[in-house]
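S.K.: After the structure tokens below, expect a handful of questions from me.
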Amino acid sequence: MADIPVDEIIRSRRKTISLMVTSDCRVIVRAPMKLSQVRISQFVSARQNWIAKTVEKMKGRPQAVPHAYTEGELFWFLGREYPLHFVDDDQAIIERTDRLCVPRAYAPDIGRHIRQWYVREAEKEIRSRCMWFSMMTGYSPASIRITDAQKRWGSCTHKGGLNFSWRLIQAPLEIVDYVILHELVHLRQMDHSPRFWKKVEELMPDYERRKQWLRENERLLRI
Ligand SMILES: [Zn+2]
């Protein structure tokens, strides 16, 4: 398979073969346990053009710029941009006004402090939104945890606990809400079957638009 740009082949007890390009341009094939390498190659070869086009499209999506923590640099919070502003007061703590005000005394550890601030804010905001949706749907998680996940914005444990990445708090509230609702519905329906999506749609009729936003902008959240 030398000329075929497949990064990973995941075999499982599925019956069909599928191909995807992740947002970081990795090509992943999902295939049944015993499907021959030759068949996989044929399947992928026949879709070379699609792969190339999709990789191009993914590369064109917006991407987070690594932070240098300089005055005026932009930080996202609930879908809005806040320029970083250093304050000279040693007693101050991080505060979000129309800017993200950070004590200069935090240097050289500014990145860590800002991350901790995001975690705290995510904890408050996500917990309260989760409670709200829990009340609305009657689905209640056993626990809510904020994680450091890079790509999994939300996940659900089989003990009925929900995990959310602090990075999600950078996204607009309606996107945060979508991820929360998605995970809450998993408490009843663990897979991504049509039944799962039907339930999501019942509770959030415009979920597809929000899901699409996340697909296109998720790289922005990977700080
Ligand atoms: Zn899911």
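The values are calculated or read from the model by the stated rules, or taken from the named source; none is laboratory data. Here the structure is a predicted model, which is why all the values come from computation and not from measurement. Note that we place each Cβ from the backbone using ideal geometry, even for glycine, and neighbour counts take in every protein chain shown. Surface accessibility is based on the protein's heavy atoms, side chains included, excluding ligands, DNA and RNA. Shrake-Rupley method; radii C 1.70, N 1.55, O 1.52, S 1.80 Å.
S.K.: Filter segment 145-162 down to residues that are free of Cβ contacts under 8 Å to residues at least 40 places away in the same chain and buried (at least 19 other Cβ atoms within 10 Å of the Cβ) and give me whichever is nearest to the ligand (Cβ to nearest atom).
M.R.: My answer is Gly154.
S.K.: Let me ask something else about it. Would you pick out the residues in segment 1-23 that are under 22 Å from the mean Cα position of the chain (by Cα), modelled with pLDDT under 90 and open to solvent by less than 60 Å² (accessible area, probe 1.4 Å)?
M.R.: Val21, Thr22, Ser23
S.K.: Any idea how many residues of segment 170-223 are within 13 Å of the ligand (Cβ to nearest atom), over 17 Å from Trp76 (Cα atoms) and surrounded by 14 or more Cβ atoms within 10 Å (Cβ to Cβ)?
M.R.: Within segment 170-223, residues that are within 13 Å of the ligand (Cβ to nearest atom), over 17 Å from Trp76 (Cα atoms) and surrounded by 14 or more Cβ atoms within 10 Å (Cβ to Cβ) number 17.
S.K.: If you don't mind, another one. Working carefully through the options Arg61, Arg96, find the one that is among the charged types (D, E, K, R) and under 27 Å from Val21 (Cα atoms).
M.R.: Arg61
S.K.: Further question: Given (1) outside the structural domain of Ile180 (by TED's automatic domain parsing); (2) more than 20 Å from Gly72 (Cβ to Cβ); (3) not hydrophobic (A, V, I, L, M, F, W, C), identify the lone condition not met by Ser134.
M.R.: Going through the list (1) outside the structural domain of Ile180 (by TED's automatic domain parsing); (2) more than 20 Å from Gly72 (Cβ to Cβ); (3) not hydrophobic (A, V, I, L, M, F, W, C), Ser134 breaks only (1).
S.K.: Please name all residue pairs, on different chains or six or more residues apart, with Cβ atoms under 6 Å, provided the first residue is in segment 173-192 and is modelled with pLDDT under 95 and the second residue is within 11 Å of the ligand (Cβ to nearest atom) and part of a helix (DSSP H, G or I).
M.R.: Cβ pairs passing all conditions: Gln189/Phe196.
S.K.: Shifting gears a bit: If you scan segment 52-107, which residues turn out to be at pLDDT 90 or above, surrounded by 15 or more Cβ atoms within 10 Å (Cβ to Cβ) and among the β-branched types (Val, Ile, Thr)?
M.R.: Selection gives Val87, Ile94, Val102.
S.K.: Mind checking which residues of segment 27-45 are open to solvent by 80 Å² or more (accessible area, probe 1.4 Å) and either of a type in the set (A, V, I, L, M, F, W, C) or under 21 Å from the mean Cα position of the chain (by Cα) (or both)?
M.R.: Across segment 27-45, the qualifying residues are Met33, Val38.
S.K.: Something else about it: If you go through segment 121-128 one residue at a time, do you hit one that is at pLDDT 95 or above, small (Gly, Ala, Ser) and crowded, with 18+ Cβ neighbours inside 10 Å?
M.R.: There is at least one residue in segment 121-128 that is at pLDDT 95 or above, small (Gly, Ala, Ser) and crowded, with 18+ Cβ neighbours inside 10 Å.
S.K.: Ser45 passes all but one of (1) out of contact with any Ser or Thr (no Cβ under 9 Å at 6 or more places or on another chain); (2) at positive phi; which number fails?
M.R.: All conditions pass for Ser45, except number (2).
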